[in-house]
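Beneath this line is the structure, given in structure tokens, with notes to follow.
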Amino acid sequence: MAKERVGLYPGTFDPITKGHSDIIRRAARLVDRLVIGVAINRDKGPLFDLEERIDMVRGEVTELGDLHGCKIDVLPFETLLMHYAVEVGAGIIIRGLRAVSDFEYEFQMVGMNDRLNPDVETVFLMASDRYQFIASKLVKEIARLGGEIDQFVPPSVAKRLYERFNGAVGPATSAAGE
Ligand code: ADP
């Protein structure tokens, strides 16, 4: 029997967006098991704590339903990415690539990770053009200012963002109608 192909999709997911979901959907076509590694990333000062971020990713994975029979695990990680890849048995690291903004950082990461462990291959996927421009950072900014974010994140995530910033269930202008 062919060896199980395991992919690792690491990120901060603060919070998960429709861009991340699109990458998860695409990655699931390439591997038998996908580990979504939610990084603790204290340095980035995430808005949501690790448990909340994992919870949101798990909720979204459930919403995505059957992904070509790919088994998905959402797990926290704090170690070096390449060590974590070995720990979960991943031969492929999945990263999303947006226009030019991600390129330089990802370029450096691939170069360094390849030297740390040449057996692990990094694969870049592009989200559909509808989702490519979405960034967790901007979604947080829009939510904080009471703007409409439903097109960028799943409904359960939008609700958490509005609650976090406005103590409300929707964007500032329509909160009263809920
Ligand atoms: P990190 O701190 O590792 O950059 P993120 O949660 O911001 O964590 O992103 C995780 C991965 O998902 C990265 O590879 C990033 O480029 C990718 N990604 C995020 N948003 C999008 C998007 N809208 N389209 C494609 N890839 C994306």
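Things worth noting here:
- Taken over the stretch 55-77, the residue count meeting the criterion of being in contact (Cβ under 8 Å) with a residue 24 or more places away in the chain and under 14 Å from the mean Cα position of the chain (by Cα) is 12.
- Tally of residues being small (Gly, Ala, Ser) and over 18 Å from Ile94 (Cα atoms) across the stretch 23-68: 3
- The set of residues in the stretch 27-51 being surrounded by fewer than 17 Cβ atoms within 10 Å (Cβ to Cβ) and in contact (Cβ under 8 Å) with a residue 40 or more places away in the chain consists of Arg29, Leu30.
- Among (1) surrounded by 15 or more Cβ atoms within 10 Å (Cβ to Cβ); (2) touching a strand residue (DSSP E or B) at 6+ places or on another chain (Cβ under 8 Å); (3) modelled with pLDDT of 90 or more - the single one Asp73 does not satisfy: (1)
- Test for Glu106: is it surrounded by fewer than 19 Cβ atoms within 10 Å (Cβ to Cβ), within 9 Å of the ligand (Cβ to nearest atom), over 14 Å from the mean Cα position of the chain (by Cα) and not aromatic (Phe, Trp, Tyr): yes
- Residue in the stretch 82-91 that is touching a residue at least 40 places away in the same chain (Cβ under 8 Å) and either within 9 Å of the ligand (Cβ to nearest atom) or in contact with a helix residue (DSSP H, G or I) (Cβ under 7 Å, 6 or more places away or on another chain) (or both) present: no
- Checked across the stretch 143-154, the condition of being near the ligand (Cβ under 9 Å from one of its atoms), of a type in the set (S, T, N, Q) and more than 18 Å from Thr12 (Cβ to Cβ) holds for no residue.
- Test: Val31 is within 8 Å of the chain's Cα centre (by Cα) and aliphatic (A, V, I, L, M): no
- Under the condition of being assigned to a loop (DSSP other than H, G, I, E, B) and closer than 18 Å to Val31 by Cα, the residues counted in the stretch 46-74 number 6.
- Residues located in the stretch 16-40, provided they are farther than 17 Å from Phe124 by Cα, in contact with a Leu (Cβ under 7 Å, 6 or more places away or on another chain) and near the ligand (Cβ under 10 Å from one of its atoms): Val38
- Some residue of the stretch 116-136 being among the aliphatic types (A, V, I, L, M), within 16 Å of the ligand (Cβ to nearest atom), surrounded by fewer than 14 Cβ atoms within 10 Å (Cβ to Cβ) and more than 18 Å from Val31 (Cβ to Cβ): no
The values are calculated or read from the model by the stated rules, or taken from the named source; none is laboratory data. Here the structure is a predicted model, which means the values were calculated and not measured. Neighbour counts are summed over all protein chains in view; Cβ atoms, including those assigned to glycine, are modelled from backbone coordinates with ideal geometry.
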